[in-house]
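First up is the structure itself, then whatever we jot down about it.
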Amino acid sequence: MYKKFLLLSKHNAGSAEEFNRLVNYTIDKIQKSNLTADVSVKIRVNNYYSGNDIILSILPENYNYAKVDERIIDKIIDEYLIKGKEVKENRFDCNELVNRFYENFGNYNYFNKQLRLTLRNCGIIDPESLDDYFKVDGFRALAKVLTEMSPQDVIDEIKKSGLRGRGGGGYPTFQKWTNGARAEGKQKYIICNADEGDPGAFMDRSTIEGDPFSVIEGMAIAGYAVGADKGFVYIRAEYPLAIKRLENAIKLANENNLIGKNILGTDFTFELELRLGAGAFVCGEETALIASIEGKRGMPRPRPPYPSIKGLFGNPTVINNVETLANVPAIIIISGEWFSRFGIETSKGTKVFALAGKVNNTGLIEIPMGTTLREIIFEIGGGIKDGKKFKAVQTGGPSGGCIPEEYLDTPVDYDSLAKTGSIMGSGGMIVMDEKTCMVDVAKFFLDFTQNESCGKCTPCREGTKRMLEILERISAGKGEEGDIDKLERLGETIKLASLCGLGQSAPNPVLSNIKYFRQEFEEHIKEKKCRAKVCKKLLNYIILTEKCVGCGICKKKCPSGCITGEPKKPHTIDPLKCIKCGICFESCKFNAIIQG
């Protein structure tokens, strides 16, 4: 086994030519320095860093360097690898207490507000190498609980950490494990919920792709704590790379007696299998997920009884999200008290978000709980694209709400987001600018949840359909007085009467948008106007005679024949014939057509 790894990684957006050149330079330098017996050069493409910087990590020390070039490579090899002198130039500063678990990513704007605990190994280790995972203390936590801790000791440590479920509900992890441990039954199960279905969300997928062993280790520890000897990872089939790496990790863990029978020579057994979902959003709900594993149609059932009492095949079952389980080994290795130092009183630790939308720096981020929306969007995210004005941020995916500018200083934690009418959710965060139509946004998310409704309960099945019909009328210029009140009444009824969390939260994007952007809904209904110029049926196209040169391009491309005019003379649009497709506006090279 090599004593050290030099791990070179780049973001997908970085230059492949420059990266490959630097990799070859490093390999040549290692060979010329006669270090090939002691040092191995590895490469990794990662999605966890923004920008074009090439990142270098030295394992097992976990020294990390940004903006790497030949000069930095020379210094690391000549000064550190040969002479043993530390190289601090361009090195990320890591807190001594946390050591491997990054607390501070230096003075780079994208990093300095982040804290990577869940993603601590992602982009650093080879996710298909058990040796790499060992180098960052892989399976040390499992060995510790099997040799030094009782099941109750493990639960107590998780309680000290304050870890809450990262799948959206925020239920205290220790309480769920306690319920499972106390439940009566010879057979108990642990399920990892990796059925990530929010549009634009990829937290769980990236965690598994980058560090699958931590999830497996977290599941085994959970199994020990609650008395379960069988586990399932429920993951959607649309994640082929995550599935491949999980299968490889399970295989290697089995071969090395890290899962399976009599783990590490103890009497603890924990066997693990994958189950692939077909992509139904509702299967992210616990009871629907259980039904799917059992081979039934993924539909929720009433609770109680809760899965921790009566779950998979009628047996006690503890279900945790990927992100929740990935944090468990770090908590056990260091301490629950250490983990609880991050975040705020009611929301400990960190949260991973998929930052997307009209923001300069998109990607996967991990921040301490309590970081404000303003810090995330304008410091980590680098502000709004193209210098436009911020309008809203949507958190919690289709089940969340849109938060306006006046609440930008809201801290990101379970309780604070709930007070705004949104939720934490699994970690989707979509930023919107002034060109966003909030009626259209409400329609988009409701259309998604309506399509994903399993149809079992009437409030969700029929109620969301009626709400969607009203929104479609409004955006088509056919809204009527009283439509907003109907949406609010329907939304509140659906929230109260639906069977599962999907239906109970489906109206959230509509209700929050009405609450904060009611004027836009009223404009659509009363004035037949879309201020963002998104709803095509509400747009009027006008040709400015002073700018029109009579080129005739718009006339040729118009599918409805509503444009008339002679060559080299101003043209006109007949509003009665116009189907408002916008082709004329898009094809005019002289900016002579405006949207009214």
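Structural remarks
- In segment 369-413, the residues that are polar (S, T, N, Q), touching a Pro at 6+ places or on another chain (Cβ under 8 Å) and closer than 17 Å to Asp433 by Cβ: Gln394
- Where a residue in segment 292-316 is outside the structural domain of Glu452 (by TED's automatic domain parsing) and its partner, wherever it lies, is part of a loop (DSSP other than H, G, I, E, B) and among the β-branched types (Val, Ile, Thr), with Cβ under 7 Å and at least six apart: Pro316/Ile309
This table checks each residue for (1) farther than 30 Å from Gly482 by Cα; (2) modelled with pLDDT under 90.
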position	(1), (2)
Glu520	no, no
Lys536	no, yes
Cys548	yes, no
Lys555	yes, no
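- Leu544 exposed (fewer than 14 other Cβ atoms within 10 Å of the Cβ) and farther than 30 Å from Lys419 by Cβ: yes
- Pair list, Cβ under 9 Å, 6 or more apart: segment 265-287 residue over 20 Å from Gly165 (Cβ atoms), other residue in a loop (DSSP other than H, G, I, E, B) and small (Gly, Ala, Ser): Phe270/Ala228; Leu276/Ala237; Ala278/Ala237; Ala278/Gly298; Gly279/Gly197; Gly279/Ala237; Ala280/Gly197; Ala280/Gly298
- Those residues of segment 469-490 which are surrounded by fewer than 20 Cβ atoms within 10 Å (Cβ to Cβ), closer than 19 Å to Gly501 by Cα and touching a residue at least 24 places away in the same chain (Cβ under 8 Å), in sequence order: Glu488
- Tally, over segment 119-140, of residues that are within 26 Å of the chain's Cα centre (by Cα) and not in a loop (DSSP other than H, G, I, E, B): 3
- Of the residues making up segment 67-92, those that are of a type in the set (A, V, I, L, M) and either within 16 Å of Ser40 (Cα to Cα) or in a helix (DSSP H, G or I) (or both) are Ile72, Ile73, Ile76, Ile77, Leu81, Ile82.
- Meets criteria (β-branched (Val, Ile, Thr), assigned to a helix (DSSP H, G or I) and touching a residue at least 40 places away in the same chain (Cβ under 8 Å)) for Ile430: no
- Residue within segment 520-527 that is assigned by TED's automatic domain parsing to the domain that holds Glu405 and either aromatic (Phe, Trp, Tyr) or assigned to a loop (DSSP other than H, G, I, E, B) (or both) present: no
- Among the residues of segment 1-38, those that are at pLDDT 85 or above and hydroxyl-bearing (Ser, Thr, Tyr) comprise Tyr25, Thr26, Ser33, Thr36.
- Members of segment 374-410 that are within 27 Å of Glu285 (Cβ to Cβ) and either not in a strand (DSSP E or B) or not aliphatic (A, V, I, L, M) (or both): Gln394, Thr395, Gly396, Gly397, Pro398, Ser399, Gly400, Gly401, Cys402, Thr410
- Residues of segment 49-58 classified as at pLDDT below 80, over 19 Å from Asn20 (Cβ atoms) and surrounded by fewer than 20 Cβ atoms within 10 Å (Cβ to Cβ), total: 0
The values are calculated or read from the model by the stated rules, or taken from the named source; none is laboratory data. These numbers were taken from a predicted model, which means no experiment stands behind them. For neighbour counting, all protein chains shown are included, and Cβ atoms are generated from backbone atoms with ideal geometry for every residue, glycine included.
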